[in-house]
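Step one of this worksheet: look at the structure below.
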Amino acid sequence: MSRLPLLSCEGISKAYGVHPLFEGLSFGLAEGDRVGLVGPNGSGKTTLLKVLAGIEPPDAGTRSQRRFTRLGYVPQDPTFPGDRTVEAVLTEALPAEEREGFETAGRVAAMLGRAGFTDSRHTVGMLSAGWRKRLAIARELVVAPDVLLMDEPTNHLDVEGILWLEALLRTEVPAVLVVSHDRYFLEHVASRVLELNRWYAGGLFQAEGRYSDYLLRRDEALREQAAYQDTLANKVRREVEWLRRGPKARTRKGQARVKAAGRLIQELDEVRARAAGTAAGIEFTASGRQSKKLLVARDVAKTVGGVRLLAGLNLTLTPGMRLGLLGASGSGKSTLLNLLAGTLAPDSGQIERAEGLRVVRFDQDREGLDPAVSLRRALAPEGDAVVYRDRSVHVVAWAKRFLFRPEQLETTVGRLSGGEQARILIARLMLQPADLLILDEPTNDLDIPTLEVLEESLADFPGALVLVTRDRFLLERVSTLVLALDGTGGATFFADYAQWESAHGEADRDVGDRIKAPA
């Protein structure tokens with residue numbers, strides 16, 4: 001017997017200007033559902049979430065919410081008044097009639113405790129981005145929603161925060177729909193996956209099961225679509241040859257065949273358009289250096305703001321080594337990156353670099369991007385072309401490689417999405433030959449197809465790599481060694497993320513093998 005949906009949509013469509021985001025979507029959320037929503041950047045995931053939340057109306061179709069159903073919505077970038085305490089934020093989220101009395105105070109205190117807050121008097125302005133995200137989630141959970149809609153909830157959370165959220169979602173909410181590019185998170189949380197993508201007829205693909213099950217079914221669906229495209233192409237080829245012979249179309253049968261040939265050609269065009277690639281072409285360039293040791297750190301110590309972050313660290317980076325850094329917010333990951341890059345000096349100890357070492361760095365704060373310049377100038381600052389691996393590439397072709405349309409070239413960087421800005425930085429990195437790549441949260445705002453290409457490129461990079469990321473699948477797949485910082489000076493090496501997870505008592509250590517993208 002099918003369950004009655006708490007929230008559903010029927011035939012909904014949404015467009016911006018003449019560009020449709022999605023058309024004719026229908027699905028529902030019932031009690032017990034844990035649904036992950038994925039898709040390329042620009043496919044309309046955030047907009048669909050806003051339509052389901054009742055924030056934006058659909059252009060066509062209907063949205064239905066069962067009577068008395070409480071709805072929670074966590075946006076990608078939540079905002080709060082900076083002077084409010086965390087206790088006040090949660091109290092004010094409750095309906096007016098539920099804000100008084102000892103029971104309410106206990107309810108708020110309990111939710112703050114589950115979210116990890118130790119002082120209810122902390123003001124929002126004192127919180128990091130990760131703790132503001134925790135507060136946004138707690139604000140929705142305190143009202144006991146029947147359905148919780150979440151847009152990239154793992155953004156800004158450290159690994160410990162993501163593990164906290166995974167455990168919370170298993171028990172706290174009857175139904176969840178989450179937009180996320182965090183594949184480990186989806187594997188642990190989702191029991192059904194929806195993909196918004198023009199690859200599929202109708203623009204939506206649904207798969208029951210975990211994220212790993214979705215990958216298998218997606219791969220099967222794409223193979224079937226490719227086979228159908230080949231069959232359709234053969235039919236069109238025969239009909240085109242018939243049309244070129246100049247058949248007589250005056251008979252009713254001839255007219256019908258001409259019309260049928262036109263429909264086949266149109267269908268083939270649509271299938272080919274859906275199958276067009278939507279992943280960026282990412283490939284980093286190594287300098288070709290033959291040194292056995294690129295960087296050696298000996299007995300390095302560093303204290304910042306009175307907190308000793310590193311004490312007696314020893315580390316050697318060699319070509320082909322890919323080091324992943326783990327640690328809670330404030331544990332010293334960014335400090336270590338600055339030390340390795342040479343932008344910060346250790347308090348004691350030595351860091352020796354190979355002569356002429358070429359270090360290329362991705363900064364999570366994107367400080368190198370000027371929001372006022374055009375996309376054209378951001379990609380090609382010195383003209384209408386760039387030089388990539390000793391070849392001149394026109395800016396239009398270079399932009400297309402990173403999924404930008406020619407008409408976007410005059411758009412200012414500040415008007416581009418977070419994922420588009422990240423792709424600009426990756427494009428810049430690719431133009432710089434490197435011995436050592438230092439990447440600080442490169443996956444923020446990137447969609448899953450782009451992440452898959454990034455992983456392949458990093459795994460093939462012959463130089464050394466130091467990576468800070470909350471994307472546990474990327475960490476597991478790319479890293480040859482993991483270094484965990486404890487924030488008090490301690491640093492421990494692990495063979496991989498799974499070993500670190502095992503040391504922290506987490507289950508499902510084989511998840512990385514289950515969710516590798518099918519070849």
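Here, each number is a calculation from the coordinates, and none is a lab measurement. Please read all numbers here as calculations on a predicted model, not as lab measurements. Cβ coordinates were reconstructed from backbone atoms using ideal geometry, including for glycine residues, and neighbour counts include every protein chain displayed.
A few points about this structure:
- Charging the Cβ of each Asp and Glu at -1 and of each Lys and Arg at +1, and nothing else, the dipole of the chain about its Cα centre rounds to 2380 debye.
- You can think of it this way: the chain between residue 3 and residue 298 has 100.0 nm of extra reach, that is 0.36 nm per residue less the Cα-Cα gap.
- Within segment 55-105, the GluC sites (Glu not before Pro) that combine a DSSP coil assignment with at most 14 other C-beta atoms in a 10 angstrom radius are 100.
- Each listed q (0.06 Å⁻¹) maps to a log10 I(q)/I(0) for the chain from the Debye sum over equal C-alpha point scatterers, namely -0.34.
- Here residue 396 and residue 432 are evaluated by their C-beta separation; at R0 = 25 Å the FRET efficiency comes out at 0.70.
- Of the trypsin sites (Lys or Arg not before Pro) in segment 1-80, the ones in a loop by DSSP (not H, G, I, E or B) with at most 16 other beta carbons within 10 Å are 3, 66, 67, 70.
- Using a simple spin-label model with pseudo-atoms 7 Å out from Cα toward Cβ, residue 291 and residue 201 lie 5.8 nm apart.
- Per-residue extension of 0.36 nm, minus the Cα-Cα distance of residue 70 and residue 56, leaves a gain of 3.3 nm for this segment.
- Applying 1/(1 + (r/R0)^6) with R0 = 35 Å to the Cβ-Cβ distance of residue 384 and residue 456 gives a FRET efficiency near 0.75.
- Segments 312-321, 171-180, 350-359 sorted - mean Cβ within 10 Å per residue, highest first: 171-180, 312-321, 350-359
- For segment 64-113, applying the loop criterion from DSSP together with a ceiling of 10 other beta carbons within 10 Å to the chymotrypsin sites (Phe, Trp or Tyr not before Pro) yields 68.
- Cα-projected label distance for residue 129 with residue 160, points at 7 Å along beta-carbon direction, nm: 1.9 nm
- Size of charge dipole - segment 268-425 - debye, nearest 20, with Cβ of Lys, Arg +1 and Asp, Glu -1, no other charges: 460 debye
- Sorted by Cβ density within 10 Å, fewest first, the residues 185, 80: 80, 185
- Residues listed by number, segment 314-340, amide nitrogen under 17 Å from residue 350 label point at 7 Å toward C-beta: 314-317, 340
- Segment residue 238-residue 120, length gained on full extension (0.36 nm per residue, minus Cα span): 35.2 nm
- Integer Hz, Karplus 6.51/-1.76/1.60 couplings in order for segment 152-157, x for Gly and Pro: 6, x, 7, 4, 6, 7
- Cross-link pairs 293/333; 235/400; 45/133 - those with Cα-Cα distance over 25 Å: 235/400
- Fraction of alpha-carbon pairs over 28 Å apart in segment 295-514 - percent: 35 percent
- In this Cβ point-charge picture (+1 for Lys and Arg, -1 for Asp and Glu), segment 5-197 has a dipole of about 80 debye about its Cα centre.
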